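Every number here is computed from the coordinates shown, using simple stated rules; none is lab data. None of these values were measured; they are calculated from a predicted model. With ideal geometry, Cβ positions are generated from the backbone for all residues, glycine too; neighbour counts draw on all protein chains shown.
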Amino acid sequence: MLALVAAASMWFYVDRILVGFQVADAAARERPRGNLSDLYPRWLGARELLLRNRNPYGDDITIEIQKGYYGRALDPARPNDPKDQQGFAYPVYVVFLLAPFVRFSFHAVQFVFYWALIALTAISVCLWLRALRWRLPVLATASCIALTLGSFAVVQGLKLQQLSLLVAALLAGAVACVAGGFLFCGGVLLAAATVKPQLAWPLVAWLIIWTLSDWRNRRRFLFGFGLTMALLLGGAEIILPGWWRLFANALGQYHRYTQNQSVLLVPWEYSGIFIAAAVVVCGFLLWKLRVEPADKQNFALAISLVLALTVLVVPMYAPYNQVLLLPAILVLVRDRASFTSRPRGVRFLYLAAAFALAWQWIASLSLSCAYLLGWRGWAISAWKVPFFATFSLPVFVFAVILLAVQGAQRRAGIQGSAG
């Protein structure tokens with residue numbers, strides 16, 4: 001019941017308060033609002049490439065995308081117009097995922113994709129629980145699904161029809177397949193997830209190292225991944241020769257006009273130092289875990305750490321990407337007793353992570369109650385409050401899961417010495 005109340009408050013907050021503020025602000029600043037679907041640029045680019053053989057990275061397609069996404073083409077002379085040009089900044093092989101839908105109206109595609117994302121996100125919770133070897137009662141599993149679907153990361157992703165949710169489900173499926181012994185299938189799903197390279201390739205790199213550490217028993221994973229990538233890249237080159245140069249140029253433009261940065265809100269020269277340090281520390285710990293079998297809990301711990309690191313270092317602040325923190329959060333909930341019995345500093349860090357996670361529902365429930373009690377103006381003016389923990393949550397979760405991996409290694413070392 002508490003999970004349902006928390007989830008309902010988040011949906012109410014987004015629908016009535018956050019969107020209400022955005023609509024009023026856009027009207028006051030004459031900022032355009034169209035369908036605001038992140039699926040639309042990908043769908044339109046796929047349709048134009050597959051049906052009319054047009055370059056989806058071209059400026060003419062970008063203008064057409066803006067007319068659907070924002071309602072009109074952006075005007076550089078208007079200072080309040082959005083900076084995000086909404087270009088087709090994806091690998092061209094994303095069109096293969098969208099190919100079955102290019103002949104339908106976008107309204108129909110949007111409806112199907114929205115409900116498909118809900119179903120896939122719910123299924124991904126079960127897949128992560130399976131990969132983590134954590135058996136929960138039905139009611140507890142339903143609560144996890146409700147809280148996941150009612151988290152701000154997922155609600156935002158659903159409202160925007162963000163492909164990050166699809167990629168997160170593909171990653172969950174890939175890891176669950178690997179953990180279940182279906183290595184070839186896991187490789188296929190992981191290759192499909194590279195339609196968002198920045199979210200998938202850290203896990204790809206780790207699983208390739210893991211595969212090479214026991215080539216004889218794990219090579220089927222790399223066969224599945226390599227074959228699928230060859231088909232995607234080869235097919236992309238056939239339908240749009242030289243696409244990788246166009247993609248690299250579009251990606252450079254994307255980072256220039258969005259000026260994105262990681263969740264570490266410090267200048268790049270300093271955040272780069274923190275990111276490099278995090279990667280080195282994780283690399284040291286993960287190197288020791290590369291021999292772990294896929295059916296052991298330490299393997300799932302390693303996966304959770306890699307995905308938490310991905311959210312930390314990806315050069316883009318977007319709350320919907322934090323859906324990748326789900327396996328790490330499940331680990332922290334499952335192993336809570338081991339954290340609350342550790343030294344005071346670790347307990348404090350764990351409680352800080354728990355509070356950062358819970359804050360989104362505390363804030364959304366408070367604002368929703370204020371709105372329903374008649375304080376609508378105050379609730380809308382305080383729309384930022386649920387965002388306060390979105391920068392700290394990835395940092396705290398990463399730090400705690402890092403300690404979890406380090407503790408698991410220490411225990412394994414002690415057991416090995418005892419043996």
Gaussian network model of the chain, Cα within-10 Å springs - most flexible of Lys196, Lys288, Lys67: Lys288
Extension gain from Phe223 to Arg290, taking 0.36 nm per residue of separation minus the Cα-Cα distance: 22.3 nm
Extension gain (nm, one decimal) between Val5 and Asn80, 0.36 nm per residue minus Cα-Cα: 23.3 nm
Packing-based order for 291-304, 164-177, using average beta carbon neighbours within 10 Å, highest first: 164-177, 291-304
Whole-Å semi-axes of the ellipsoid equivalent to the stretch 1-100 (Cα gyration tensor, √5λ, descending): 30, 22, 9
Cα-based shape type of the stretch 167-265, given that a ≥ b ≥ c are square roots of the gyration tensor eigenvalues and the cut on a/c is 1.5: oblate
Phi to ³J(HN,Hα) by Karplus 6.51 cos²θ - 1.76 cosθ + 1.60 over the stretch 77-90, Hz, x for Gly, Pro: 6, 9, x, 8, 5, x, 8, 6, 6, 6, x, 7, 9, 10
Rounded Å value of the spacing that divides the Cα centres of the stretch 123-141 and the stretch 68-82: 44
Backbone N under 15 Å from the Val279 label point (7 Å along Cα→Cβ), restricted to the stretch 185-222: 198-206
Two-site FRET efficiency, Asp59 against Val19, from Cβ-Cβ distance with R₀ of 45 Å, rounded to 0.05: 0.90
Under the span-like rule (Cα at least 27 Å along the axis, Kyte-Doolittle mean at least 0.0), DSSP H helices of the chain: 106-131, 215-239, 268-289, 344-372, 392-418
Linear extension gain, Lys67 paired with Trp378, 0.36 nm per residue minus alpha-carbon span: 108.6 nm
Phe388/Leu139 FRET efficiency (R0 22 Å; Cβ-Cβ; nearest 0.05): 0.10
